Structures are given as C-alpha cells and as structure tokens.
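Participant: Can you read through this structure? Questions will come right after.
Bear in mind these aren't lab numbers, they're just calculated from the coordinates by the rules spelled out. If you're wondering where the values come from, they're calculated on a predicted model, not measured in any experiment. All Cβ positions, even for glycine, are placed from backbone atoms using ideal geometry, and neighbour counts span all protein chains on display.
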Amino acid sequence: SYTTDTKSREENKKTIESLYSLSVDVKKIRRLKAWVLLQDVAYVKEIAGILQEMGADETTVANILERCPEAILRTPAAINSQKALWQLVCQNEKQLIKLIEQFPESFFTTEYHENQKGNILFFQELGLKNNIITRFLTNAPSIFYNPVEKNKNVIKTLQRNYLSLGGSDANMKIWILKLLSQNPFILLNTSTAIQENLEFLQKNNFTDHEVLQLLSKLKGFIFQLTPTTMQQSMLFSKSVFKCSDQELKQLVLKCPALLYYSVPVLEERLEGLLKEGISVAQIRETPMVLELTTQIIQYRIKKLSALGYDIKSGTLESLNGTKKDFEVNYGKIQSKKERPIFNPVAPINIED
C-alpha cells in the first residue's frame with residue numbers, strides 16, 4: 001500500500017526530524033528502507049510513545065525503529081490492538097518489549113490482526129503453552145496469517161490420520177502438540193498434501209506403525225516434501241546401496257534423512273564421505289552420517305585422526321550424532337588413549 005517510487009518524491013522532513021529527536025540512525029534507514037521516509041503520513045512520536053509506555057528506553061526505541069522503520073507507518077490504534085493481542089500470551093510488558101526488540105517485523109505486521117487473534121485463541125484451546133505460542137509469533141509468524149479455519153483443517157487431518165494409523169485417543173493430544181512445537185510450519189501445508197505424503201509411504205509398504213514412527217522422527221518435516229522428491233531420494237539410495245525394497249525400507253527407518261534430503265544433497269554428502277576414504281558398505285551400516293554436512297564430517301574426522309583413530313577401518317558410529325554426542329564419544333576415545341597402562345606392582349597412593 002506504500003509507494004516505492006523514490007525518484008519523484010522527497011523525504012518527509014517532519015518524519016526525519018522526529019526520528020533524529022529519538023536518536024534514530026536515519027542513514028541506516030535510508031540505506032535499508034528509504035521508501036519509508038517518503039511517506040506523507042508517519043506516526044513516529046506516537047509509536048515511540050507506545051513503546052516507552054511499555055518500558056522501552058531511548059536506545060531500545062531507536063534500535064526497534066532502525067530495524068523495522070515501517071513501524072512508524074502503522075496507526076497507533078493498530079499498534080495498541082497488536083499490543084493487547086500479544087499480551088494474551090506474554091507474561092508482562094517487560095517480556096513483550098524484549099520480544100519486540102528481537103523480532104520487530106513480526107510484531108509490526110498488523111495486516112492479519114483478526115487471523116492472528118483467532119489463531120492465538122485456537123492454539124490456547126488446543127493446549128499449547130503460552131511460551132510456545134510466543135515462540136511461534138516471533139519465529140513462525142506466517143502461520144498466524146492463515147485464516148483460523150485453514151489451520152483447524154490441517155490439525156483435523158493430522159488427528160484423523162494419527163488415529164487411522166493406529167495411534168490412540170489418549171496419546172493424540174500429546175502427539176499433535178509435540179509435532180506442532182517441533183515444526184509449526186506444518187500448518188502451511190494443505191490437508192491434501194499431508195494426505196498424499198502419507199499415502200505414498202503406505203504404497204511403499206511402510207506399515208501404519210512405521211509411518212507413525214517416521215512422522216515422529218522427521219518432526220513433521222515429511223509434510224514439506226512431495227511424493228516425487230521422496231521417490232527420487234529412495235531410488236537414489238537404492239542404487240547407491242544396491243539393496244532390495246525391504247532393505248531400503250529398513251535403511252529409511254534407521255535414517256529418515258534418506259527420505260528427507262533431495263538427491264543433490266545426498267549425492268554431495270556421499271561424495272564427501274567417499275573422498276575421506278570411507279566405503280559405501282560403512283555408510284550403509286551407519287547411514288545416519290548422511291544427516292551431517294560435509295564440513296562437519298571433515299572436522300570430526302580431523303579431530304579423531306589427531307588421536308590416531310582410523311575411521312577407514314573402524315565403525316562410523318564415532319562420527320555420528322549431535323555436537324554434544326560427538327564431544328562425548330571423542331572424550332571417551334581420548335581418555336582411553338591417555339589412560340596409563342596398569343602396573344600391578346606399583347605402590348598405591350593412599351592419600352586420596
């Protein structure tokens with residue numbers, strides 16, 4: 001709704017003066033979003049006043065307006081409504097101001113106010129805790145732009161499928177809330193896409209129990225895929241590991257990344273492992289290493305080699321897991337290497 005034709009228009013002097021009076025770095029705004037300064041109507045002092053009422057100091061106000069200058073184009077009424085809305089899930093104004101400073105774009109997107117309100121109330125009814133909803137508001141704001149009915153339909157589709165795959169009524173609520181907490185973006189999918197992906201897995205002989213297992217392991221990211229991409233990834237893995245359909249299924253259950261990552265990503269990671277002298281047989285034994293980027297693999301191999309650990313002749317288990325898992329494994333290998341050989345006739349130190 002705002003013009004971005006910067007050539008024929010002049011900056012609004014009143015806007016510039018008001019921003020200077022608040023110690024806002026106007027040069028920064030000119031560099032990033034100069035069009036904001038050209039608008040005839042801006043509410044600089046009013047928006048700053050609302051932020052100050054919430055407890056924001058001068059530095060915080062300047063920081064917010066520099067990061068999200070379009071905030072000054074929102075009406076005070078719209079911002080007050082947004083404030084009331086976010087207060088439904090924020091503990092207090094101190095927490096609210098902290099969130100606005102960290103995620104100003106999410107707060108100052110006021111066009112979807114009614115949808116945001118409906119969705120906040122729906123998520124509360126669903127049983128999501130307020131701290132999770134605030135995380136959604138800041139990190140996944142687009143899910144609030146959907147009409148609430150669209151989000152309700154997606155949840156209903158998930159619930160229906162969970163039960164039809166053998167999930168119990170008693171566990172359904174916990175399963176849905178966990179899935180949403182891990183990946184709120186599943187709400188951006190259509191009910192049809194969710195249905196198609198689940199049917200694809202069933203057609204590929206995954207049992208209902210195994211499909212549920214994959215949904216939980218993939219944290220709902222499976223819904224961001226398509227039957228075509230999953231098919232391509234599975235065919236690639238089948239040809240690389242030279243395995244039967246049944247063996248492939250077991251590999252996918254062991255390492256859902258084989259289903260999730262596209263062929264170019266799997267190819268690049270496989271190539272990286274082979275360059276390090278690791279065999280296809282070793283990768284097939286521990287396919288989870290394909291979840292790690294080539295850079296992480298190289299870093300871990302380098303660290304283990306420094307300890308004299310030969311990855312080519314051993315298992316790949318020591319490369320696996322999160323950063324924390326790796327550090328624990330590395331520590332064990334290191335202490336094993338440094339441990340002195342036990343001498344049965346050495347005198348025992350009693351002082352300890």
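Participant: Grab the beta carbon distance between residue 14 and residue 121, set R0 = 45 Å, and tell me the FRET efficiency rounded to 0.05.
Facilitator: Result of the calculation: an efficiency of 0.70.
Participant: With a point put 7 Å past each Cα toward its Cβ, work out how far residue 41 is from residue 177 in nm, to one decimal.
Facilitator: Output for this residue pair reads 4.4 nm.
Participant: Determine the gain in length on full extension of the stretch residue 196-residue 313; use 0.36 nm per residue of separation and subtract their C-alpha separation, reporting nm with one decimal. Present the calculation step by step, with values, prior to reporting the outcome.
Facilitator: Details: separation 117, 0.36 × 117 = 42.12 nm, distance 4.26 nm.
In short, 37.9 nm is gained.
Participant: With bins 10 Å wide starting at 0, give me the P(r) of segment 226-338 over every alpha carbon pair, in whole percents.
Facilitator: Here the calculated profile for segment 226-338 is 14, 46, 28, 11, 1, 0.
Participant: Points 7 angstrom from Cα along the Cβ direction at residue 131 and residue 245: gap in nanometres?
Facilitator: About 4.7 nm separates the two model spin labels.
Participant: Angle between the Cα long axis of helix 323-338 and the longest principal axis of the chain, 0 to 90 degrees, nearest 10?
Facilitator: Approximately 40 degrees, to the nearest ten.
Participant: Could you compute how fast segment 111-219 diffuses translationally, taking Rh as the Kirkwood radius over C-alpha pairs and applying Stokes-Einstein at 25 °C with viscosity 0.890 mPa s? Give it in µm² per second.
Facilitator: Result for D is 170 µm²/s.
Participant: Where a Cα-Cα gap under 23 Å defines reach, which lysines qualify for residue 302, not counting those fewer than 8 residues away within the same chain?
Facilitator: Residue 302 reaches 275, 312, 323, 324, 332, 336, 337.
Participant: Between the alpha-carbon centers of segment 81-110 and segment 165-241, tell me the distance in whole angstrom.
Facilitator: 33
Participant: Still on this structure: Out of (i) 82, 61, 50; (ii) 122, 60, 32; (iii) 78, 51, 45, which label holds the value of Cα extents along the principal axes in Å that was computed here?
Facilitator: (i)
Participant: Out of 117, 324, 173, any idea which swings most in a Gaussian network model of the chain, alpha carbons joined below 10 Å?
Facilitator: 324
Participant: Further question on the same structure: Relative to the longest principal axis of the C-alpha atoms of the chain, give the angle of the C-alpha long axis of helix 113-126, reported between 0 and 90° and rounded to the nearest 10°.
Facilitator: 40
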